[in-house]
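Everything on this sheet refers to the single structure shown next.
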Amino acid sequence: MPSGFAHTVTERFLRYVVIDTQSDPTSPTCPSTEKQKDLGRLLAGELQAMGLADAHLDAHGYVYATIPATTDKRVPVICFCSHMDTSPDCTGKDVKPQIVKNYRGGDIVLPADPTQVIRAADHPALKDQIGNDIITTDGTTLLGADNKAGLAEIMDAAQFLLNNPQIRHGAIKILFTPDEEIGRGVDKADLKKLGADFAYTMDGETAGNIEDETFSADGATISIEGVSTHPGFAKGKMEHAIKIAAAIVERLPKNTCSPETTEGRQGFLHPIGISGALEHATIGFIVRDFTDEGLKEKEALLESIVRDVMQDYPHSTCKLEIKPQYRNMKQVIDRHPEIIDNAMEAIRRTGLTPVKTSIRGGTDGSRLSFMGLPCPNIFAGEHAFHSRLEWVSVQDMEKAVQTIVHLAMIFEERA
């Protein structure tokens with residue numbers, strides 16, 4: 001397969017990252033920020049300019065398009081999906097990307113804020129990038145490689161396939177989503193309109209990785225009703241809701257079961273917000289594990305902590321509410337082994353060694369899988385996402401473009 005993607009995929013990526021598309025978890029709208037549509041309009045326009053007549057941005061901020069089949073075979077319709085929003089954790093306004101050409105190793109000091117250093121010791125993936133070109137920010141914003149690297153890669157692969165109609169492939173669908181970073185990426189996705197059999201999110205990290213497993217996730221909310229009275233006459237009467245909340249948090253495990261003490265396949269129970277006053281307080285948690293049993297264990301632990309604490313506050317009440325968020329997509333993907341087998345073969349054909357891994361988080365693919373569209377996650381090359389130290393390598397993006405093209409060909413070959 002011809003090389004030369006590096007130039008065009010980089011151009012696209014640099015064009016997309018300067019558009020601010022940060023999502024907002026406090027907004028009730030879809031998309032949560034209107035500015036995400038700025039990028040959506042650009043992408044839809046570029047797809048139309050390639051000749052994809054059905055490419056469009058819908059009212060909810062989703063971009064759809066179809067690359068027509070070039071074969072008469074009956075081939076499963078595959079979709080490539082990436083999200084347009086960037087994380088609310090770090091500003092994505094006025095992104096100023098820089099390219100470190102021919103990286104020679106060592107730390108990368110970011111120019112606009114020299115306190116921001118991508119340290120080789122903290123980023124072991126850098127050791128595989130010697131001689132490559134690394135794109136970073138100037139140190140004042142995130143980069144947006146999560147997930148604009150994926151967008152650029154899908155767009156570049158689409159252009160390549162359209163420019164080379166002799167390559168045999170089935171119909172390919174493109175889906176770009178808003179609001180993935182706030183857990184709403186597929187809330188308004190129209191899968192009937194999309195019409196795909198299988199999908200792949202291009203939103204993974206290290207080149208060569210394919211992820212067929214995510215956390216399963218629940219949210220937990222504890223609502224506390226304390227006993228209010230005048231503080232001057234409170235002895236034996238007041239039961240302070242804030243103090244009850246603090247006691248619950250204090251009893252969480254110290255050395256296990258938290259994000260800061262777990263790795264690999266270990267799950268956690270993580271308080272994400274606490275608010276309140278004397279009479280009423282609320283604690284929000286996220287609960288994560290790779291198995292449903294692990295989720296239940298952590299929720300039972302939280303329930304027992306609440307029960308024990310409340311024994312000291314006999315006149316107060318406490319309510320624990322659990323809400324399912326998403327489930328481990330492996331439960332669905334394991335029923336369709338060909339989608340992983342084909343992706344691993346595509347990665348091999350690029351010259352990389354495929355590595356099957358798990359995500360300590362979720363993707364649009366988690367929910368798409370349970371909505372009836374099995375959807376593992378392929379590397380996009382992004383690293384240190386949600387931070388000012390975010391980086392991506394030009395060569396890794398090129399390998400991702402090649403992976404998409406090979407995958408389209410493999411589905412046709414094996415049909």
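The values are calculated or read from the model by the stated rules, or taken from the named source; none is laboratory data. Computed from a prediction, not measured in an experiment: that's the story for all the values here. Using ideal geometry, Cβ is built from the backbone for each residue, glycine included, and neighbour counts are taken over all protein chains shown. Remember, those area values only see protein heavy atoms, side chains included, never the ligands or the DNA or RNA. Shrake-Rupley method; radii C 1.70, N 1.55, O 1.52, S 1.80 Å.
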Does Ala125 qualify as being open to solvent by less than 10 Å² (accessible area, probe 1.4 Å) and in contact (Cβ under 8 Å) with a residue 40 or more places away in the chain? no
Could you run through region 237-273 and say how many residues are at pLDDT below 95 and open to solvent by less than 100 Å² (accessible area, probe 1.4 Å)? 2
Pro28 fails exactly one of the following numbered conditions: (1) open to solvent by 70 Å² or more (accessible area, probe 1.4 Å); (2) in contact with a His (Cβ under 6 Å, 6 or more places away or on another chain). What is the number of that condition? (2)
Condition first: under 22 Å from Tyr16 (Cβ atoms) and basic (Lys, Arg). Now tell me which residues in region 92-146 satisfy that. Lys93, Lys96, Lys101
Of the residues in region 397-415, how many are assigned to a helix (DSSP H, G or I) and either among the hydrophobic types (A, V, I, L, M, F, W, C) or over 20 Å from Ala380 (Cβ atoms) (or both)? 12
Those residues that are open to solvent by less than 20 Å² (accessible area, probe 1.4 Å) and either of a type in the set (D, E, K, R) or in a loop (DSSP other than H, G, I, E, B) (or both), I need them from region 282-303; list them, please. Asp289, Phe290
Give, as residue ranges, the strands (runs of 3 or more DSSP E) completely inside region 142-214 that count at least 3 residues that are of a type outside the set (Phe, Trp, Tyr) and under 25 Å from Arg15 (Cβ atoms). 172-177, 198-204
Restricted to region 350-375, and to residues that are open to solvent by 50 Å² or more (accessible area, probe 1.4 Å) and not basic (Lys, Arg), which residue is nearest to Thr403 (Cα to Cα)? Gly351
If I go through region 332-367 residue by residue, how many of them are in a helix (DSSP H, G or I) and at pLDDT below 95? 4
When Ile378 is evaluated against the numbered criteria (1) farther than 22 Å from Glu153 by Cβ; (2) open to solvent by less than 10 Å² (accessible area, probe 1.4 Å); (3) not acidic (Asp, Glu), which criterion, by number, is the only one it fails? (1)
Any chance you could count how many residues in region 1-53 are at pLDDT 95 or above and not in a loop (DSSP other than H, G, I, E, B)? 25
In region 223-244, what count of residues is obtained for those that are hydrophobic (A, V, I, L, M, F, W, C) and either under 31 Å from the mean Cα position of the chain (by Cα) or on the phi > 0 side of the Ramachandran plot (or both)? 0
